[in-house]
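> Handing you a structure now.
The values are calculated or read from the model by the stated rules, or taken from the named source; none is laboratory data. Owing to the predicted nature of the structure, the values given are computational and were not obtained by experimental measurement. Cβ sites come from the backbone with ideal geometry, for glycine too, and all protein chains shown count toward neighbours. All accessible areas refer to the heavy atoms of the entire protein, side chains included, with ligands and DNA or RNA removed. Shrake-Rupley method; radii C 1.70, N 1.55, O 1.52, S 1.80 Å.
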Amino acid sequence: MAEGRQSIHGQWSSRWVFVLAATGSAVGLGNIWKFPYITGENGGGAFVIVYLLCIALIGVPIMMAEILIGRRGRQSPINTMRTLAVESGRSAHWQLLGWSGVLAGFLILSFYSVIAGWAMSYVARSGSGVFVGLGAEQIDEIFSAFLADPTSLFFWHTLFMLMTMFVVARGVRSGLEQAVRFLMPSLFILLLLLVGYAMSTDAFVTGLEFLFTPDFSKITGNGVLVAMGHAFFTLSLGMGAIMIYGSYLPQSASIAGTTFTIAIADTVVALLAGMAIFPIVFSNGLEPGSGPGLIFQTLPVAFGQMPAGAVFGTLFFILLVFAAWSSAISLIEPAVTWLVENHGMKRLTACLVSGFTTWLLGVGTVFSFNIWSDATLFGKTFFDLLDYLTANIMLPLGGLFIALFAAWIMKRDAVRDELGFKQSVGFRIWYPLVRYVTPVAVVIVFLNAIGAIDLG
Ligand code: PFF
């Protein structure tokens, strides 16, 4: 019966389009903006190793679980969870997992859009040649002045939300398929160029050492939680984004193969971003742990100095905006599909409702960089709180329950059938991972972060 289910929202034209769309969702601000600055804040190499372990042992198995659940259910994550739970003779309350995903999507997009707005404004700045010949200090002043101006931040946030809603309203397929096809490879090439520039600085080796030489004394329990949270964030896991994309996946496509491709592409982009940024940080005497402004304070220095830097800078920020764009649409898709399915809304109306809600919530993040910058809870601003709550708590919890659902609630044969492993060895590796290793690992990281156990 499940084999016959079709999504009312359409289907990707091929497995390859799914890979592009899911990579589009995964590769975004998380790789280029967030990965470098949290690596900087958490001491470098050791953090990177924990992060890579989390991608392999937690991220990859959960991504497979999320895709298979999505394809089996072929509805919005809320309805998929309910349908599959009831089919397995379990409580319809499993739909709460879908609900927490929708909420996480709203919360993440509300700040994601503000940061994407920063990148948009940097397209304009690079294009007008503002950075040419400037030193790190002046570039830092430009950034601080920008953050201090809520009207500007608000303007760019609004524009980015409008762009996002535009694509989502048209249906994920038509707009997105074309865009990701050439944007992702172009971004990759530009990152290589930046790494090339970083090689020409006198601190390339220092940058690489920072990124790849582990010093485990520098990482804390909270650092491990941040690394795990980021594995979820960067792969778009734990909130139904990959689940809804999986629901548009043709039945014949291999889930394991596609998952590896996505995870590898995502990881390579993050590491390249780190390799481009840290040499620039060290050769200009900047602070690796300076926080969310890191790429906006470092990359313009490089663009200001390299030949044709204004052109490359503009191109880079354009591509960053596109990468953010293809991630943003997946953050809101679970909510939109639910509104269409359960409230009979047109896609456009559903987009307007969810887009407006997110946009409004974004105001909190805009203010947290200026007029509310002193308003903190547990020492965190509104933006910090949203980021911490979603990436480090909501996504890992969502992922934990997704793993439990695929491994303990769904029937083993149904899961096996959906994964369509040609050789049983793949299933024999994945199943115990998602049944025991992954859930236990997530719980251990949580307990370690709250100090209930000590990993040393
Ligand atoms: N993976 C995206 C990034 O790294 O920028 C962010 C993201 C998208 C997180 C979609 C969660 C999500 F569902």
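> Kindly indicate whether Leu331 is part of a helix (DSSP H, G or I) and of a type in the set (A, V, I, L, M).
yes
> Do you know which residues across the range 224-246 are under 11 Å from the mean Cα position of the chain (by Cα), open to solvent by less than 10 Å² (accessible area, probe 1.4 Å) and hydroxyl-bearing (Ser, Thr, Tyr)?
Thr234
> I've got another one for you. Within the range 371-394, track down each residue that is under 19 Å from Leu153 (Cα atoms) and surrounded by fewer than 15 Cβ atoms within 10 Å (Cβ to Cβ).
Ile371, Ser373, Asp374, Ala375
> How many of the residues making up the range 266-320 are on the phi > 0 side of the Ramachandran plot and either touching a residue at least 40 places away in the same chain (Cβ under 8 Å) or touching an Asp or Glu at 6+ places or on another chain (Cβ under 9 Å) (or both)?
The number of residues fulfilling the criteria is 2.
> Identify all residues within the range 324-365 that are among the acidic types (Asp, Glu) and surrounded by fewer than 24 Cβ atoms within 10 Å (Cβ to Cβ); write none if there are none.
Glu341
> If you take just the helices (runs of 4 or more DSSP H) that sit entirely in the range 1-110, which of them hold at least 3 residues that are at pLDDT 95 or above and surrounded by fewer than 23 Cβ atoms within 10 Å (Cβ to Cβ)?
45-54, 77-87
> Can Leu286 be described as part of a loop (DSSP other than H, G, I, E, B) and among the aliphatic types (A, V, I, L, M)?
Considered against the rule, which asks whether it is part of a loop (DSSP other than H, G, I, E, B) and among the aliphatic types (A, V, I, L, M), Leu286 comes out as yes.
> Another question, if that's okay. Take the residues of the range 262-291 that are within 16 Å of the chain's Cα centre (by Cα) and open to solvent by 30 Å² or more (accessible area, probe 1.4 Å): which is farthest from Ile49 (Cα to Cα)?
Ala265
> Take Thr267 and tell me if it is within 16 Å of the ligand (Cβ to nearest atom) and not aliphatic (A, V, I, L, M).
Yes.
A quick yes/no check of all residues on (1) modelled with pLDDT of 95 or more; (2) under 30 Å from Ser254 (Cα atoms):
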| position | (1), (2) |
| --- | --- |
| Ile329 | no, yes |
| Met345 | no, no |
| Leu386 | yes, no |
| Gly399 | yes, yes |
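> Also, quick follow-up: Go through (1) at positive phi; (2) out of contact with any Lys or Arg (no Cβ under 7 Å at 6 or more places or on another chain) and name the single condition Ile8 misses.
That leaves (1) as the condition not met.
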